[in-house]
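K.L.:
Dropping the structure in here first, questions after.
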């Protein structure tokens, strides 16, 4: 069985995935797989979130589509109108699902849309009609210019084959998605290190962040211009320590990393070598 | 398991074509397009090139990565905004009142093609008889549908040169500062100041360690090549290259791959460049020997004979010249807003590591005194011994390509290579000597006569650049009839002034031929429907502009047969067929077409290629991919000059790179706006304009729109629903990117509808509050379809075209045609939509919007 592997770190928000999807489904009736896609539906969309501040801000871009869950809430809500194909794709039957609001309401990912004109819940079909007709991949995958989307064998999604650890998008929903993710955005702390008089950049400083409750530690080094960017796993309050040869050690405590944060310019005092 | 059963029905019939976003395969069923995809090559038929560096390999993808508008064909071909049939403005009577003042406000009526041709014929003949051929004029959008046969360098220039008319020129407005500035240093007049960069792809991949992008964003703005660099940048990152981006906006390539974004105030780039030179000079980390042998004017020892002491670049940088100011990083930091430590660090890294310098074209060159920055940037290139392995200068587009040898890969060529003219027997040259730059159109109806110099897009030499043009040229008439191919004249600055020209009674007839009704169509007296590339046959190379510039995309080199996907929409015709009919009415059809049909032309064009398929085979298959050239030997940019400057001189008066420009010295002496050596000059309207900034404190940034091809596809809902800001009135407003501090100062929050204004104009937009902007700068870009609430007399443009605010001033005394476009100060405030609706009831209901045919 094949599924889609999503790598948000590669997403450029170029629009090609959602435009390909709309091109395939708007104005085209692919019954019995899908009726024409309604207006303002995004069977695949890119959610953009701006985090942190200043020159160390990031735009997190996450492609979001039907997760083709193994424990699909939409199927549970309407077992007679939503089914899973042998190839794993979850499909809303456009005939049986007419008027079934509960299918639209069941999805915790918000990827089922309601077509008021057709009175029909609709979502990504994984381009099942194209795969049946011999296409090698869904339209969004083919259109992606940067491999943020890939169509892969589920069997190949073993940790030893992967360039990054596999992740589940919103594991708390407990729906066992088939769609897999790697490199989902993390909360981070970032900034740049400079000398106390701000005349010099401090490169190769060891930057250590630790969770003030769990003690989990994350490390990194400052780069050419003194920039540092440390991803952490859990939200919470952190302490960050800066250590660079020739400079006094500095620790900043109680950094609120319930969301990503930039510390701006962090200045270090030189250590006097002669005393 | 439910399967869709009728696979033939699902697949449809496959056709091929090529767009400005890249090559396409189109599924057609029952005469309608059902699907548009990127063209996908079969690995079995492709003998791909590749590049191996440190055990890592780059291979171009089999599926061509498209730009955002690549797959919107269905929405656009069948758009309600198509021009469906010829239309005439209701109150334009070629036999009576012309009501030119009503252009932009009155509506249109359908007329037949026969009526349209009769009007065209009688108007052209009347104008010729009354004023002479020079009163006819023609202009074209530089951003039409992709084509070779069907392109303005083919059908359009052939027709008008044959008829005889005043040619309206473009300036090279994508890189105007280079064309005006760096030409003084290294010549390259035919390439408008941008030296070709063959094989830079290999040089960067193999030799560079640091990549500096200055005011450029190649990820989405590499022109026609699609998003073909995305995987390449990833590969470069895997090879360990560090990427630094200097830009007022945290741009797309920076978001994707940069190690450092350096925000800078627009127009102060020259100050930062001078400070980098200062660090290199004071620390002795530049290539002195190269400068001694390849350049003139870097230091006092290498000034041309007879030039007074104190005019060398080094003297200026060290503060030993007339301004007595050393150009230290601290000095520059005050001006450009980049901390001195960052400037110093960048300079040191750049000096220590092989560095690729991406700076050609870009926003920093479309400004007042931009010659200063382009010459400074080129001087930095010289100080790094440009041509040495790893030392290169390129731009976001027209710069980077895979191997191309021009011997084994002969296709039709690029759009600038002539189209039908490349296979016709004869060409009639224009009998009218008069030409006019598009930047002087308003002047042409306001002043009886004037003079200017500064060349144009077809400039080939310094002589042509300095050649003074008189308007009207002796023996010629002012223009009276203006025919534009395409709905947008490529975004002239200060749009309301351009509209003033278009409303002038001196322009007795204004025709537009275009596939979509938008922008300037709304001003036309006659609108003629033309086809899109889905509705005609052609034969092109993706991303190939012309022989004047090397091929420019890092994909598999291919040629595409445009199989007609659908029949022409409505009564649309190709430009060639329209012009052939007009030619016929002048008894010139055989001169124009030489008896060829569309297919005859394509057959002849095809016969000039080296593609080893029969014409019938390529016609059926739709494309050809050239195998990788064998034993390819890269010969990178400036390689020959680097090794042997004596035998490979630059096209300059001295044969050297003239850091001290002998041309500028001869013509201007030590002129404050165009000194003989490169120098940062603060703009009259810019970061250092303290007085004007009290009124308009923000700098406008005019980077290319990500989801439009300049002014095209503004109406595509698949795209605009994702990027426009929906107001409380449901209208989709053009985004205005503003820094959180600037927004807070003005009480603005995300999605507020705002008024953006200066003395030149006013437009509405939707606030996008983001740290992607440098504080003090707001991005409000161009190309949104205008919706002026009063028809274009100064009331707000609800559509939000940033060009109503931009600067039409000259770049400098050296470039008086214009070119200060982006030097624009603005202010932003929250819009009162209810009040605007009350003040402009007709405009608010859509009367003047440029996609309203009814009036």
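K.L.:
Residues in the stretch A:246-275, backbone N under 16 Å from the label point at residue A:217 (7 Å along the Cα-to-beta-carbon vector): list them, ranges by number please.
P.N.:
Zone members listed by number: A:250-252.
K.L.:
When the chain is fully extended, how far beyond the present Cα-Cα distance does residue B:617 get from residue B:93, taking 0.36 nm per residue of separation?
P.N.:
Gain on extension, residue B:617 to residue B:93, equals 183.6 nm.
K.L.:
Mind giving me the nanometre distance, one decimal, between the label points for residue A:160 and residue B:292, set 7 Å out from Cα along Cα→Cβ?
P.N.:
It works out to 6.2 nm between the two label points.
K.L.:
In peptide A:141-150, what is the residue-averaged number of other protein chain Cβ atoms found within 10 Å of each Cβ?
P.N.:
5
K.L.:
Further question: Run the Debye formula on the Cα coordinates of the stretch A:187-268, all scatterers equal and no solvent, and tell me log10 I(q)/I(0) at q = 0.11, 0.21 1/Å.
P.N.:
-0.25, -0.87
K.L.:
Quick one: if the Förster radius is 25 Å, what FRET efficiency do residue B:830 and residue B:500 give, using the C-beta to C-beta distance and rounding to 0.05?
P.N.:
Efficiency at R0 = 25 Å is approximately 0.30.
K.L.:
Rounded to the nearest 500, what is the 222 nm mean residue ellipticity of chain B from helices alone, with -39500 (n - 2.57) per DSSP H run of 4+ residues and division by all residues?
P.N.:
-7000 deg cm²/dmol
K.L.:
So the label point goes 7 Å from the Cα of residue B:47 along Cα→C-beta, right? Which residues of the stretch B:538-582 then have their backbone N under 11 Å from it?
P.N.:
Answer for this model: none.
K.L.:
For residue B:334 and residue B:59, what is the calculated FRET efficiency with R₀ set at 51 Å and r taken between the beta-carbons, to the nearest 0.05?
P.N.:
Calculated value: 0.60.
K.L.:
Can you bin chain B into rounded, prolate or oblate? Criterion: square roots of the alpha carbon gyration tensor eigenvalues sorted a ≥ b ≥ c, rounded for a/c under 1.5, prolate for a/b above b/c, oblate for the rest.
P.N.:
Judged from the Cα gyration tensor, chain B comes out rounded (a/c under 1.5).
K.L.:
With r defined as the distance between the Cβ atoms of residue A:184 and residue A:153 and R0 fixed at 30 Å, what FRET efficiency is calculated, to the nearest 0.05?
P.N.:
For R0 = 30 Å, the calculated efficiency reads 0.90.
K.L.:
Kindly provide the helix-only [θ] at 222 nm of chain A, computed as the sum of -39,500 (n - 2.57) over DSSP H runs of four or more divided by all residues, to the nearest 500 deg cm²/dmol?
P.N.:
-2500 deg cm²/dmol
K.L.:
According to the square roots a ≥ b ≥ c of the eigenvalues of the Cα gyration tensor, what is the shape class of the protein assembly as shown, taking rounded for a/c under 1.5, prolate for a/b larger than b/c otherwise, and oblate for the remainder?
P.N.:
In terms of gyration-tensor shape, rounded.
K.L.:
To two decimal places, what compactness ratio does chain A give when its Cα radius of gyration is scaled by 2.2 N^0.38 Å?
P.N.:
The reported ratio for this selection is 1.26.
K.L.:
How shielded is A:77-89 by partner chains, expressed as the average number of their Cβ atoms within 10 Å of its Cβ atoms?
P.N.:
Working: counts 0, 0, 0, 0, 0, 0, 2, 1, 3, 2, 2, 0, 1.
Across the residues of A:77-89, the mean count of other-chain Cβ atoms within 10 Å is 1.
K.L.:
Along the Cα→Cβ direction, 7 angstrom out, place labels at residue A:114 and residue B:793. What is the inter-label distance in nm?
P.N.:
Taking the two extended label points, one gets 4.9 nm.
K.L.:
Working from Cα positions, state the angle (0 to 90°, nearest 10) between the long axis of helix A:16-25 and the longest principal axis of chain A.
P.N.:
10
K.L.:
Further question: Please give the peptides B:279-289, B:258-268, B:8-18 ranked by average Cβ packing (other Cβ atoms within 10 Å per residue), highest first, as a rough proxy for protection.
P.N.:
Peptide ranking by packing, descending: B:258-268, B:8-18, B:279-289.
K.L.:
Separate question: Can you give the mean number of other chain Cβ atoms that lie within 10 Å of the Cβ atoms in peptide B:565-572?
P.N.:
The per-residue average across the peptide is 0.
K.L.:
Rounded, prolate or oblate: which fits the stretch B:566-619 when a ≥ b ≥ c are the square roots of the eigenvalues of the alpha-carbon gyration tensor, with rounded for a/c under 1.5 and prolate only if a/b beats b/c?
P.N.:
oblate
K.L.:
Pulled fully out, how much extra length does the chain show between residue B:421 and residue B:78, if you take 0.36 nm times their separation in residues and subtract their Cα-Cα distance?
P.N.:
Gain on extension, residue B:421 to residue B:78, equals 120.3 nm.
K.L.:
Same structure again: Quick one: Cα centre-to-centre distance for the stretch B:625-666 and the stretch A:1-56, in angstrom?
P.N.:
Here the two parts' Cα centres lie 46 Å apart.
K.L.:
Put a dot 7 Å past each Cα toward the Cβ at residue B:751 and residue B:283; how far apart are the dots in nm?
P.N.:
Reported label-point gap for residue B:283 and residue B:751 is 4.8 nm.
K.L.:
Among DSSP beta bridges whose residues both lie in chain B, state the antiparallel percentage, nearest 5.
P.N.:
About 55 percent, rounded to the nearest 5.
Rule-based calculations on the coordinates, nothing more; no lab input. All values derive from a computational prediction rather than experimental measurement. Note that we place each Cβ from the backbone using ideal geometry, even for glycine, and neighbour counts take in every protein chain shown.
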